[in-house]
Amino acid sequence: MSDIRETLAAVRERILTACQKAGRRPGEVRLIAVTKRVDAERVRAAAALGVSDFGENYLQEARSKIEAIESGLTWHMIGHVQSNKAKHIPRLFSYVHSVDRWELLEDLDRDAKEISILFEVNLSGEPQKHGATTDTLRSMLEKTQALRHIKPVGLMTVPPFGADPEKARPYFRRLRELLQDVNREFAMGMPELSMGMSADFEVAIEEGATMVRVGTAIFGERV
């Protein structure tokens, strides 16, 4: 637990410094500890140190972990969701950050339980990445009022991988501007921007991130 205590303190200090630089309050940024390939014991250790939000990439791994850990934590699905597995998501997760197609929204809406969703947008146009185009995003937003259990709360993106976090800044800025645009166009008040990971979350905070998804900086490199 001591190693997580130290790494978590370092991440919180980085968040504080980034917020101060941007003139923001630390309470405006939610830390989501990404627990892909992290065992339940280490999740419990992070929870004992005050982390309440956890992100998972894969349904099968998440299900066994979530069911093994006491309630009271908020779980976020941050990985791609296959349509045939969508029916299991609302029972396990409070948030889905990776909605990128209308069919997934329909699948999630069939469950009689409200779930908060963020639309994943592929701003880089990289073909190997999931995420909606801006046109697809607008098409989905035009129809969300027809859904019963879906609560749209924001946007998510993953910038191109690189060693220099400053190169991610334009993508974070574009996502913030896109959120402002679609909120205005569709008379919505979505507040969340899920952007920034271990290597670049300070830049994301400076550009308006309200959720940062941090795994390696807390739990170390995965095997």
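The values are calculated or read from the model by the stated rules, or taken from the named source; none is laboratory data. Note that the structure is predicted; figures quoted are calculated from it, not measured. Here the Cβ is made from the backbone with ideal geometry for all residues, glycine too, and neighbour counts use every protein chain on show.
Some points to look at:
- So GLU28, is it over 30 Å from GLU106 (Cα atoms) and touching a Cys at 6+ places or on another chain (Cβ under 8 Å): yes
- Members of the stretch 179-223 found to be assigned to a helix (DSSP H, G or I), small (Gly, Ala, Ser) and buried (at least 21 other Cβ atoms within 10 Å of the Cβ), listed by number: ALA204
- Scanning the stretch 98-146 for residues that are farther than 21 Å from TRP75 by Cβ and among the hydrophobic types (A, V, I, L, M, F, W, C) turns up TRP102, VAL121, LEU123, ALA132, LEU137, MET140, LEU141, ALA146.
- Taking the criterion of being over 16 Å from SER83 (Cβ atoms) and part of a strand (DSSP E or B), the only residue of the stretch 120-136 that qualifies is VAL121.
- The stretch 58-97, subset within 25 Å of ALA9 (Cβ to Cβ) and part of a loop (DSSP other than H, G, I, E, B), residue modelled with the lowest pLDDT: GLU70
- Summed over the stretch 36-57, the residues that are closer than 25 Å to GLU120 by Cβ, part of a loop (DSSP other than H, G, I, E, B) and touching a residue at least 40 places away in the same chain (Cβ under 8 Å) give a count of 4.
- Within the option set ARG30, ARG24, being in contact with a strand residue (DSSP E or B) (Cβ under 6 Å, 6 or more places away or on another chain) and either surrounded by 14 or more Cβ atoms within 10 Å (Cβ to Cβ) or in contact (Cβ under 8 Å) with a residue 60 or more places away in the chain (or both) holds for one residue only, ARG30.
- Of all residues in the stretch 137-158 being in a loop (DSSP other than H, G, I, E, B) and out of contact with any Gly (no Cβ under 9 Å at 6 or more places or on another chain), the one that is nearest to SER198 (Cα to Cα): HIS149
- Selected residue (only one of ARG30, ARG24, ARG5, ARG14 is touching a Leu at 6+ places or on another chain (Cβ under 8 Å), at pLDDT 95 or above and not hydrophobic (A, V, I, L, M, F, W, C)): ARG5
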